[in-house]
Amino acid sequence: MTPLDRGLRRLVPRGLLGRSLLIILVPLVILQAIALQLFYGSHLDVISRRLAAGVAGDVAMVVGLLDRETVEQDHTWIFREAAWRLDLSLAYEAGARLTQAGMRPASMPLLPLEEDLVHAMQERVGLPFDADWQSDPRSVIIRVQMDDGVLHVEVARKRLFSGTIYLFVIWLVGSSLLLFLMAAIFMRNQVRALRKISAAAEAFGMGRTVGPMKPEGAAEVRQAATAFNRMEERISRFVESRTEMLAGISHDLRTPLTRLRLGLAMLPEAAREDAAAMTEDVEEMDRLIGDYLAFARGEGVEQPEDTDLTALIRDVAARQSRGGTTIPVQAPEALRMALRAGAMRRCFGNLLDNARKHAKRVSVKLTQQKRGERGIWADIIIDDDGPGIPALSREDAFKPFTTLAGGSTGLGLAIARDIARAHGGDVFLEDSPLGGLRARIRLPG
């Protein structure tokens, strides 16, 4: 990527609203710039030059008449006729001299009035002069150096420019602002509908029930909202039927297991020792079915609630420590998140169980970091000094009943990852600084 591309990427807005308004604004600005250039460069320039030439021609005619009339009293009729027919106010200062010929700046620097008037006066009058644009807001005072004095000519400003320029500029800018405002309001409504769909999808991905969305906005946005509602309904129905089936199967398996346990208990004392392995298998199956039922109940009934994750982790670690292994916990004072508390207890407890089975030292750490502009990531890190799992076999460890070097994984890791993913997060296995395995639960908040 070239530096120019990187610079453009930094300048271009990232949001849909900003980019949409930019798509509207850029052509609009270009169009208005072309219109202004055409107006200022051609129409206004022509009008300004003609008006300035007209004023300069009137001043030149007065100067010519004054040169012909040498008697002072004969100047009166010239002044009278100029005021009546040419709308010029004249005064003559005999014996005066211009101290500095030139122009005083106009109060309207955007208009080409000064240059046009200078050129017209130089072309038609041909005498030293200056023009005062600041003394009177309604008129321009032109002073012309003649042989025996200075002629003062007061010209109304309306003779040098057309008032329609203000209407043109106001219309041009006003219509642009109105168009931009309407586009901004319209696009904001469309983007707001898309943001609602995005927020609903993110909440649904974290296991939060948001209910059906109200379609709003353009037809395509409404169609997307309707499709999301149908998708949410289908997924919810699928999850509900899956959990009901899982709970039903697990419950039905309890009956034959109970009969097996009862039959093993009623064996003679001599045969009971030989059946010890069978009893252990039955107990293991009963424990697995209990996990199935607990997981199914949590998936089907529990709803996310505002929970202190720090308190939950400390409580589960304290319960696990009762088995003899002290589990230190390093965590902030409080970290509140929307969680299924019961499901998260099972997720965290399963990972602690696995760590305690294979290690002597277990530690827990809770950290948080930024996630985008609004949210955070909460990382629950469980380290142990056990034998660990080879890097190539860690993904297989999440599969139910996978057999690894240390034995079968059972359902603990599979259920833990399923719970974390239902909250919009995940579970990762990494190398631990203690020499064993690190289990990292990442949850969005």
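The values are calculated or read from the model by the stated rules, or taken from the named source; none is laboratory data. Just so we're clear, the structure is a prediction, and the values are computed from it rather than from any experiment. Neighbour counts are summed over all protein chains in view; Cβ atoms, including those assigned to glycine, are modelled from backbone coordinates with ideal geometry. In case anyone asks, the SASA skips ligands and DNA or RNA and just uses the protein heavy atoms, side chains included. Shrake-Rupley method; radii C 1.70, N 1.55, O 1.52, S 1.80 Å.
Given the peptides 51-64, 122-135, 345-358, arrange them by the average over their residues of other C-beta atoms within 10 Å, most packed first.
Going from most to least packed, we get 345-358, 51-64, 122-135.
Per-residue Karplus couplings for the stretch 211-218, computed as 6.51 cos²θ - 1.76 cosθ + 1.60 with θ equal to phi - 60°, are listed in order as x, x, 7, 8, x, 8, x, 5 Hz, Gly and Pro entered as x. Rounded to 0.05, the FRET efficiency of the Ser135 and Leu22 pair, given R0 = 56 Å and the Cβ-Cβ distance, is 0.75. Residue ranking by accessible heavy-atom surface, 1.4 Å probe, largest first, among Arg261, Arg188 comes out as Arg188, Arg261. Using the 1.4 Å probe convention, the accessible area of the stretch 111-242 works out to 59 Å² per residue with neighbouring protein chains retained. A 1.4 Å probe over all protein chains sorts Val427, Val29 by accessible area into Val29, Val427, starting with the largest. Distant-in-sequence amide contacts of Met146, defined by a placed amide H-H separation under 5 Å and a gap of 5 or more residues or a different chain, comprise Leu151.
Averaging Cα coordinates gives a centre for the stretch 210-224 and one for the stretch 327-393; these two points are 38 Å apart.
Solvent-accessible surface of protein heavy atoms, probed at 1.4 angstrom with all chains present, puts Arg394, Arg49 in the order Arg49, Arg394, largest first. A Förster radius of 35 Å, combined with the Cβ-Cβ distance separating Lys360 from Arg230, puts the computed FRET efficiency at roughly 0.10. Each peptide among 213-226, 147-160 gets the average number of other Cβ atoms lying within 10 Å of its residues, and from highest to lowest they stand as 147-160, 213-226.
Between Glu244 and Asp379, what FRET efficiency follows from the Cβ-Cβ distance if R0 is 35 Å, with the result rounded to 0.05? Efficiency, from the Cβ-Cβ distance: 0.55. Taking amide H as placed 1.01 Å from N in the peptide plane, the amide H of Ile376 sits under 5 Å from that of Arg371, Gly445, each at least 5 places away or on another chain.
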